[in-house]
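Encoded as structure tokens, the structure appears first; notes follow it.
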Amino acid sequence: VTYEAIKIPKWSSFSEMHPVDYYSSYTKNCTGEFTKQEVRNIRAFYYAMCAETDAMLGEVISALRDTGLLKKTIIIFTSDHGELAMEHRQFYKMSMYEGSSHVPLLVMGPGIKEQQQVPNVVSLVDIYPTMLDIARIPVTQNLSGHSLMPLLCGRAENEVSPRGPRPSWVLSEFHGCNVNSSTYMLRTGKWKYIAYSDGRSVLPQLFDLSDDPDELTNVAIKFPVIVHSLDKILRSIVNYPKVSSSVQEYNKRQFMIWKQSLGQNYSNVIANLRWHQDWLKEPKKYENAIDKWL
């Protein structure tokens, strides 16, 4: 890793951060002061791991070449999430920003066009029908994904799947820890639309990735027609207010069961979870907030 080439990401001030981003930063212990060297080191470690993974992939390809299997093997390399590496004052994942949600997808093998970068948005749900297509196994009609083989073979423009055209969007949703609201992302063309909770209680985000690749400027207020259009598409795919409500009910129910199971140890256990650095500044305040929520 060329240390000097590592860029320091821009951060918004706490007052400018979206409430979900602020919560994520808080529960990842990222609200303290970081020097540029500390941020650069965090990013250097991540890039070094990427370089190591690349070398390991090279070993796999070399082994296939040495054994004569490379010409009849298709390799698909991807991952479940990216790493924010201090972008948006966060590390780890659990975010719809590009650093977390935009993952690598590399494919090589017989019949696949070499040295091409496909600009289309695709999803991890496309991998299963792609593998069925490679194995010449019929793809069932009820799958969410579409085979990537037409794109990979360079014939995407003039060949349409029997299941109809590939949608122009990809969807992602997240309901886990470090985010205090169910989160839904719709990505289409240059736009990324992120909706939260019931779509009203938490403001959405809209990013123009062509003009703002670092996703620093939420333009949802500036483009209400685009927001309305994308929200309509999102609701046609998933009834996200209903899903969010179910998640909230489940979370509260499970938290109460967990709290009761800890008994007298509750205060000590919750104070030492992942967010401990910021929690311990005002533990009673946060316990009271949870009691109010319950």
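The values are calculated or read from the model by the stated rules, or taken from the named source; none is laboratory data. Keep in mind that what you see is a predicted model, and the values were worked out from it rather than measured. Here Cβ is always computed from backbone atoms with ideal geometry, including for glycine, and neighbour counts include all displayed protein chains. Heavy atoms of the whole protein, side chains included, go into the accessibility calculation; ligands, DNA and RNA do not. Shrake-Rupley method; radii C 1.70, N 1.55, O 1.52, S 1.80 Å.
Measure nothing but the geometry: give the 0 to 90° angle between the long axis through the Cα atoms of 224-237 and the longest principal axis through the Cα atoms of the chain, rounded to 10°.
70 degrees
Can you compute the charge dipole magnitude of the chain about its Cα centre, using +1 on each Lys and Arg Cβ and -1 on each Asp and Glu Cβ, nothing else charged? Give it in debye, rounded to the nearest 20. Kindly include the intermediate steps, with their values, before the conclusion.
Working: 32 positive and 31 negative charges, 134 e Å.
Value, rounded to 20: 640 debye.
Less than 26 Å apart at the alpha-carbon level, and either on another chain or at least 8 residues along: which lysines does that give for K113?
Hits, sequence-local ones excluded: K71, K72, K190.
With every protein chain kept in the model, how would you rank R65, R43, R136, R187 by accessible area, 1.4 Å probe, largest at the top? Can you show the working numbers first?
On the way: R65 140, R43 15, R136 205, R187 40 Å².
Descending accessible area places them as R136, R65, R187, R43.
Suppose only helical runs count, i.e. DSSP H with n ≥ 4. What mean residue ellipticity at 222 nm does that imply for the chain under -39500 (n - 2.57) per run, divided by all residues and rounded to the nearest 500 deg cm²/dmol? Don't skip to the answer; put the middle values down first.
Values: 10 runs with 114 residues, N = 294.
Mean residue ellipticity at 222 nm (helix-derived): -12000 deg cm²/dmol.
How much of S79 can a 1.4 Å solvent probe reach, expressed as accessible area in Å² and rounded to 10?
The value for S79 is about 40 Å².
Taking K and R as +1 and D and E as -1, what net charge do the other residues with C-beta under 12 Å from the C-beta of I127 add up to? All intermediate terms of the calculation are to be shown ahead of the outcome.
Values: positive: none; negative: D80, D126, D133.
Spelling it out: positives minus negatives among the neighbours equals -3.
Just in the stretch 46-146: which GluC sites (Glu not before Pro) are loop by DSSP and have at most 16 other Cβ atoms within 10 Å? Let's see the in-between values first.
On the way: sites: E52, E59, E83, E87, E98, E114; in loops: E83, E114.
Sites meeting the loop and neighbour criteria: E114.
Binning every alpha carbon pair distance of the chain at 10 Å from zero, what are the percents per bin?
5, 21, 29, 26, 14, 5, 0
How much length is gained if the chain between T140 and D291 is pulled fully straight, taking 0.36 nm per residue apart and subtracting their Cα-Cα distance, in nm to one decimal? Before the final figure, lay out the partial values.
On the way: separation 151, 0.36 × 151 = 54.36 nm, distance 4.78 nm.
Between T140 and D291, full extension yields 49.6 nm more.
For the stretch 1-95, max minus min Cα coordinate along each principal axis, in Å, sorted largest first?
Answer, in whole Å and largest first: 58, 29, 17 Å.
Of D198, D66, D21, which has the largest mean-square fluctuation in a 10 Å C-alpha GNM of the chain?
Looking only at D198, D66, D21, the biggest GNM fluctuation is shown by D66.
Rank Y22, Y196, Y128 by accessible area, highest first, at a 1.4 Å probe radius? Spell out each step's value before the answer.
On the way: Y22 90, Y196 10, Y128 130 Å².
Reading off the accessible areas and sorting them downward yields Y128, Y22, Y196.
Which residue, T27, G99, A55, has the largest displacement toward the positive end of the dipole of the chain when charges sit on each Cβ (Lys, Arg +1; Asp, Glu -1)?
Farthest towards the positive pole: T27.
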